[in-house]
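The values are calculated or read from the model by the stated rules, or taken from the named source; none is laboratory data. Here the structure is a predicted model, which is why all the values come from computation and not from measurement. A quick note on method: Cβ atoms are made from the backbone with ideal geometry, for glycine too, and the neighbour counts reach across all protein chains shown. The accessibility values were calculated without ligands, DNA or RNA, using every heavy atom of the protein model including side chains. Shrake-Rupley method; radii C 1.70, N 1.55, O 1.52, S 1.80 Å.
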Amino acid sequence: MAQSKKSNKPVVWFPFAAGGTVIAFFIPVIALLTLMVALGKVPAGLTYAGLHGWLADCVLAKLAVLGIVALSLWSSAHRLRCTCFDFGLRIDTLVATVLYIAAMLGSIAAGVFLFRL
Amino acid sequence: MSQKPLIREVPPASWYFRHPRYLRYMSREITSLFVGAYCVLLVFGLGALAGGKESYESFLLALQSPLSIAFHVAAFIAALYHATTWFNATQVAMKIQIGEEFVPGSTITGAHYVIWVVLSVIILLLAGVF
């Protein structure tokens with residue numbers, strides 16, 4: 001590899017590490033909440049009135065949710081890329097492109113949905 | 001004469017059966033599949049919420065299918081496994097030095113667990129679970 005070529009690793013790696021921390025802190029409790037919904041016990045904060053009330057008027061809440069979703073998506077995409085490689089799928093460029101584009105599209109969609117509330 | 005370096009042949013798709021440590025590594029890798037799928041589900045949930053009351057409530061109803069319950073249990077376990085292994089790794093990944101001494105690893109990991117529990121309880125309170 002040429003010496004002058006700059007590595008893109010920090011750009012990919014930082015959101016991955018941040019996302020790993022965000023997933024660790026937030027996804028278990030969020031998954032617990034939606035598991036309650038799946039079991040038919042909808043918490044007050046997850047009803048339409050409740051969640052809409054939280055998110056519709058508070059830009060900070062929107063940004064927090066967007067940050068959690070976007071970073072988690074990016075981190076998962078990066079980890080899935082490594083997972084594919086570890087399971088013997090040696091088409092890394094294709095896998096990385098597909099997963100990173102999916103993560104970006106998901107993040108953009110989340111942003112659009114949140115600010116359309 | 002070919003100058004082939006000494007390379008051990010490693011089976012690319014089944015190498016992790018060679019050692020329990022590799023299996024633990026791979027089981028943690030697989031959690032990313034469930035967490036990633038769960039994040040996609042969250043995006044769809046936000047989409048349903050943006051679509052109005054009716055679309056959101058049909059989304060909530062769709063979550064109650066047996067398949068969805070099974071997926072949520074799997075995603076919850078995967079997220080827990082990711083979280084505990086992540087916090088256990090912090091003491092290796094982020095060493096904190098005060099003066100001459102390093103802060104003990106158990107303190108760093110323990111602090112993460114405390115913050116995790118406090119954050120989770122706050123979110124459950126805000127969501128009106130208690």
Do we find a residue being open to solvent by less than 80 Å² (accessible area, probe 1.4 Å), facing chain A (nearest Cβ under 9 Å) and of a type in the set (A, V, I, L, M, F, W, C) anywhere in the range B:22-33? yes
Total residues in the range A:42-66, condition outside any helix (DSSP H, G or I) and either under 17 Å from A:ARG116 (Cα atoms) or open to solvent by 40 Å² or more (accessible area, probe 1.4 Å) (or both): 4
Matching residues, the range A:1-41, being among the polar types (S, T, N, Q), at pLDDT 85 or above and open to solvent by 40 Å² or more (accessible area, probe 1.4 Å): A:THR21
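Using the structure shown, decide if B:GLU9 is exposed (fewer than 13 other Cβ atoms within 10 Å of the Cβ) and within 30 Å of A:LEU117 (Cβ to Cβ).
Against the criterion (exposed (fewer than 13 other Cβ atoms within 10 Å of the Cβ) and within 30 Å of A:LEU117 (Cβ to Cβ)), B:GLU9 does not qualify.
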For a quick check of your reading: which helices (runs of 4 or more DSSP H) sit entirely within the range B:33-130 and have at least 3 residues that are among the acidic types (Asp, Glu)? none
Can you say whether A:ARG81 is within 7 Å of chain B (Cβ to nearest Cβ) and open to solvent by 40 Å² or more (accessible area, probe 1.4 Å), as far as the supplied structure shows? no
